[in-house]
Amino acid sequence: MAKINHHNFIETVNDMLVEARKRGVIQLKYNSDSWDGNRILVEQSQMVNFGTCGYLGLEADPRIIEKSMEYTKQFGTQFSVSRAYLTSKSNFLLEELLSQIFQGNKVISFTSTSLAHSAVLPIMVGHNDLIILDQQCHVSIQTAAQLMAAKGVKIDMIRHNQIDMLEHKIRQERNNYDRIWYMIDGVYSMYGDVAPIDRINELMERYEQLNLYVDDAHGMSWHGKHGNGRIYDKCFENGRTLYVSTLAKGFGTMGGIIVFPNDEWYEKVILHGGPLAYSHPIPPPMMGASIASAEIHLTDEIYMLQRSLKSRMEYTNEELAQADVPVLSSEDTPIYFIGTGQPSVGYNLNKRILDEGFYVNIGMFPAVPVKNTGLRFTLTNHHSTEEIRSFVQAIAYHYPKALEEESKNMNDVLRAFRMPVRKEPLPVIKEEERTGPFAIQWYDHISEIDSREWDECFAGKGNFDWNCMSLLESSFQGNERTEENWSFHYCLVRDAENKVLLATFFTEGLFKDDLLSTAEVSAKVEEMRLKDPYFLCSRSLIMGSMFTEGDHLYINTNREGWKKAAEVFLDSLQLRQEEIGVNSIILRDFSEDQLDLAELFHEAGYFKMKMPNSNILFDLQRNPEKEYIELLSAKARRNIRYEVVKHMDQFEFEIKERLNDVEEKRFYELYKNVASGNRSLNIFQYPFRLFHQFSGAPGWEFLILRNKTTGEISGVLSAFKTDQAYFPVVIGLDYEANKLYSIYKQMLYRLTLYARNSGFEQIHFGITADQEKKKLGASQLTKNAFVMVKDQFNMEMLDKISV
């Protein structure tokens, strides 16, 4: 079948960034005419700078500035020649000084750390090596690693700092690969936590194949002998570590560096490292500045600067301990992260702190999960204790106000970060909870809801009326496989007059995380599922179900207060997510023009994903005096006559409300043909019980295509009927017959003629096979889903597999 349109990650990130920019917390303009590292002019406001990474304040050191100016006058602004041909004596001097900082190990310098990664990985990682990424390692490592994926090198990932998981993978893969590279940060850039280097070294002693690749950009200068980094002194015990760092943060200048454990590795990279041949070296102004900084690092002054920053960190930790805010970061680094949970709270707090005159950054998706948004700030030697005190006091003052303004509380944040909640345990909403003028009700079974009330909400909206939901409940319980058992959660929100203002339902179950990935990615994942059937699968709450089609959210936007009702619903939904312990929530089937809802979802912490197109044939009864084929384009008519009509006489087309046992089994057999080969929408196969429940169920019927010669069923389709619309839902095909007689296209064409002759106004063809349905006159409607994920690990794994 034809490919479907899939979610575009860039669009998802773009939506988040557009909202952050609208809230005034990113892409701000720096307007200062000078730099002292402390006071900066942002837009038109003077602010104390808590947002940059010059931890020791060396970027404003007069000696470094003077050396930069001296080199500019002496050597100009650039030295534009490949190092493969010519290297300046200044470059050799810098690398000799850096080598002294790194205890005599050889060093190569680059204009950036990103270029350093791109230079070393293609040389040092062999085609039969395995790369294992820490989940939170810097994006520059991950980007460079993808260069190796294009060459066939396998890339795997472990959860952040999960060394037991790392050892499991080493044991699993050590006989399959020459070397295993574990790639980490020394200090992680969001939460400021430090890699567990002692435990990693224990593994390196046990497993000779294990090599370590470290990016310690955020650990440079403010820690270690001569400022050589947060974990450097423990990284060269084994001789199998590549240590990458930066000169562009604590060091106070510009550039990236690689430190080598032996001469052999150094010689390989200096001769063959790509950027050394096709890129330029550090320019003279920054070369001079870097030499001056290196000279400072090689004196005892560096330890005075380190102690100065350490005292500020200790003071900040003391102040934060007295503030009633959730600190997620380590106390041992100058990187701090105050959790806010929802993006809306993060935007609000960030803007408030900016307005107070303190420049800070927001930590947001995709750097952190959507629900783990927070305020990220850094300490430097530029800060005074009074500035730190005032800054922390501003956070403590505005934090509860930001929560209140966004209708959140501290427990919402604590739950988002899986921290112990305060006072009361997590509430369980079962029957009814009144929130202001609204009452929200959750039900576990459709039988608890009045059938007339439910059907009034969803009349003509899809194949999920009261009877259909009862059928689904009985079909997806008591089955052998975990994935064949679903739980259902029904939600009604009523106003003060007891009128239903909002209604929907969710399916809880085990689903494949590559549900909306490309068919190519799903095919790769399915290969891995041959060993582990539940690889990259998670328990989720999905609005509607993976069986139903239509508009799954009823909301009366004509009634006053509907937005508040929607907010109450979203808050309650998150409580239910925590209560039942699922990883993700998927709100689905929203059109592009539902902007008010999209804004509410974004503010609640959901990110948008494009769904496959929904194919709907509208106005089926137009021009009733004409044969339907005459209403189609000339190209479509030719195609149908050539591929479909010429085979129609060989098959009997029949409509049945009930199948016998033999037909049920044949239907399921043909359905599995389709399901096993269709990766465009990758879901677990439905259980046989569902096909038995179809038979004779109210509103359902079967369209059967039977070979007149053999009597064999070649195609069968189950469909749901409403007063105006026809919903073909599940199809089964004999693929051998399909090759000869275009069975799938016959089924589509015949059901179109049948639905038209039966008086239906619309056919909801569902997703996949857009082009075939378009030939019959169907429109492709763009639909969006909104997703909230607590743990992004599986999403990030899919991203690696997709590359």
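Quick notes
- Carbon and sulfur %, accessible surface of segment 312-354 computed with the full protein complex present, 1.4 Å: 38 percent
- Alpha-carbon centroids, segment 260-339 and segment 475-535: separation in whole Å: 45 Å
- Trypsin sites (Lys or Arg not before Pro) restricted to segment 677-741 and DSSP loop, no more than 14 other C-beta within 10 Å: Lys708
- Cross-link partners of Lys423 among lysines, defined as those whose alpha carbon lies under 24 angstrom from its own and excluding same-chain residues fewer than eight positions apart: Lys371, Lys401, Lys408, Lys790.
- Solvent-accessible area of Thr113 with every protein chain in place, 1.4 Å probe, in Å² to the nearest 10: 20 Å²
- In the assembled protein chains, Ile580 presents an accessible area of approximately 50 Å² (probe radius 1.4 Å).
- For q = 0.22, 0.23, 0.26 Å⁻¹, Debye-computed log10 I/I(0) when each Cα of segment 695-766 counts as one equal scatterer: -0.97, -1.03, -1.20
- Where segment 41-188 is the region considered: accessible area per residue in Å², 1.4 Å probe: 44 Å²
- For segment 226-295, a/c is not less than 1.5, where a ≥ b ≥ c are the root eigenvalues of the C-alpha gyration tensor, and a/b does not top b/c. That puts it in the oblate class.
- Segment 640-729, accessible area per residue, ligands and nucleic acids excluded (1.4 Å, Å²): 45 Å²
- Counted by Cβ distance under 15 Å from Glu59, the other residues give a net charge of +1, where Lys and Arg count +1 and Asp and Glu count -1.
- Selection from Tyr278, Val716, Gly374, by position along the positive dipole direction of the chain (Cβ): Tyr278
- In the context of the full set of protein chains, segment 275-381 has a per residue accessible area of 31 Å² (1.4 Å probe).
- Surrounding net charge for Asp532, when Lys and Arg each add one and Asp and Glu each subtract one, Cβ distance under 14 Å: -2
- Here the accessible area of segment 131-267 is 43 percent carbon and sulfur, with a 1.4 angstrom probe and all protein chains present.
- Folded to 0 to 90 degrees: helix 163-173 orientation relative to the chain principal axis, Cα: 70 degrees
- Rolled with a 1.4 Å probe across the full set of protein chains, the surface gives Arg418 an accessible area near 150 Å².
- Under 15 Å from Lys169, Cα to Cα: aspartates and glutamates that are on another chain or at least 8 residues apart: Asp129, Asp134, Asp156, Asp178, Glu208, Asp532
- Percent of Cα pairs exceeding the 13 Å cut-off, where the set is segment 453-519: 72 percent
- Of all lysines in the structure, the ones whose alpha carbon falls short of 22 Å from that of Lys783, not counting any fewer than 8 places away in one chain, are Lys3, Lys461, Lys512, Lys563, Lys608, Lys610, Lys773, Lys774, Lys775.
- Taking every DSSP bridge with both residues inside the chain, close to 75 percent are antiparallel.
- For Kirkwood radius over Cα pairs in Å, the value calculated from this model appears in (1) 31.8; (2) 29.2; (3) 30.0 under label (3).
- Per DSSP, loop chymotrypsin sites (Phe, Trp or Tyr not before Pro) in segment 505-559 with at most 16 further Cβ within 10 Å: Tyr534
- Low-density loop positions, GluC sites (Glu not before Pro), segment 490-581 - DSSP coil, at most 14 other Cβ in 10 Å: Glu497, Glu560
- DSSP beta bridge pairing in segment 190-265, given as percent antiparallel to the nearest 5: 50 percent
The values are calculated or read from the model by the stated rules, or taken from the named source; none is laboratory data. These numbers were taken from a predicted model, which means no experiment stands behind them. No Cβ is skipped: glycine too gets one built from the backbone with ideal geometry, and neighbour counts run over all protein chains shown. The area values use the complete protein model at the heavy-atom level, side chains included, leaving out ligands, DNA and RNA. Shrake-Rupley method; radii C 1.70, N 1.55, O 1.52, S 1.80 Å.
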